[in-house]
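J.: Below you will find the structure I want to go over with you.
The values are calculated or read from the model by the stated rules, or taken from the named source; none is laboratory data. Here the structure is a predicted model, which is why all the values come from computation and not from measurement. Ideal geometry is used to build each Cβ from the backbone, glycine not excepted, and the neighbour counts take in all protein chains shown.
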Amino acid sequence: MSGGFEEARERRNWLERLGEKIPGFRGFQDRQLRRQVDKLQREHLAQEVSRMKVAVRGKARSYTDAGQIGLLHLFDRLDRKLDGLAQAIRFADYGFSGIFDVVKFREEELEKLYQFDLSLLDDLSHLSGDLAAVPLPGQGDARDGLEQAARRLELLEEKWSGRKNVISDVVKASS
């Protein structure tokens, strides 16, 4: 994840690279670039969550088509929670309230934030696996799988809300 900023920095055009020569301008550019990378990372996470929503709706539709509506409330709860998480990720402030404005970050501190975001991707992968394991109608009981996915999703929501604390720790350590 930390390579995202460096990769984006290397892709700057000649005018942006020329601007780096102006005193103070490079810091501004780096802050803007960090915001853009942060936004791209969060958008990717939100898209992953939205993909899971599509999968949940597809399985719920299968249960509806099969006339097995007893578990639809669990599918609906997952759908709403996935939607809430996707929106929370997608519409979080860029860098959470100007984190990149004033603070000069050390690489090791930024690495902690990137590692946190990477761990979110791992958690989303596990959640995706839980959802994929929910059997289709007539292939087993889906209740346990849906409840397992709901528990993992709750943990993921808690972890996402804790991202502000990770950012706060990065700011404190870099100050």
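J.: Report every pair of residues separated by at least 6 positions or lying on different chains whose Cβ atoms are under 9 Å apart, first residue within the stretch 115-133 and without any contact (Cβ under 8 Å) to a residue 60 or more places away in the chain and more than 16 Å from A149 (Cβ to Cβ), second surrounded by 14 or more Cβ atoms within 10 Å (Cβ to Cβ) and basic (K, R).
T.: F116/K159; F116/R163; S119/K159
J.: Do you know which of the residues in the stretch 100-157 that are among the basic types (K, R) and outside any helix (DSSP H, G or I) is modelled with the lowest pLDDT? Show your work before the answer.
T.: The first filter runs over the stretch 100-157 and keeps only residues among the basic types (K, R), leaving 104, 106, 112, 143, 151-152.
Filter once more, so that each one left must be outside any helix (DSSP H, G or I): 104, 106.
Working: K104: 56, R106: 60.
Per the criteria, the residue is K104.
J.: Report, by residue number, each residue of the stretch 46-59 that is surrounded by fewer than 20 Cβ atoms within 10 Å (Cβ to Cβ) and either part of a loop (DSSP other than H, G, I, E, B) or among the hydrophobic types (A, V, I, L, M, F, W, C) (or both).
T.: A46, V54, A55
J.: Taking F96, is it among the aromatic types (F, W, Y), part of a helix (DSSP H, G or I) and at pLDDT below 85?
T.: Details: among the aromatic types (F, W, Y): yes; part of a helix (DSSP H, G or I): yes; at pLDDT below 85: yes.
Criteria met by F96.
J.: With the requirement that a residue be over 30 Å from L72 (Cβ atoms) and either among the aromatic types (F, W, Y) or at pLDDT 95 or above (or both), what does the stretch 25-60 give you?
T.: F25, F28
J.: Which one is surrounded by the most Cβ atoms within 10 Å (Cβ to Cβ), of the residues in the stretch 60-92 that are closer than 12 Å to P137 by Cβ and polar (S, T, N, Q)?
T.: Applying the filter and picking the extreme gives S62.
J.: Next question, about the same structure. Taking into account only those residues within the stretch 148-159 that are loosely packed, with under 14 Cβ neighbours inside 10 Å and not aliphatic (A, V, I, L, M), which is farthest from L85 (Cα to Cα)? Outline the logic, then answer.
T.: Let us first name the residues in the stretch 148-159 that are loosely packed, with under 14 Cβ neighbours inside 10 Å, namely 151, 154-155, 158.
Now restrict to residues that are not aliphatic (A, V, I, L, M): 151, 154, 158.
Details: R151: 14, E154: 10, E158: 10 Å.
Per the criteria, the residue is R151.
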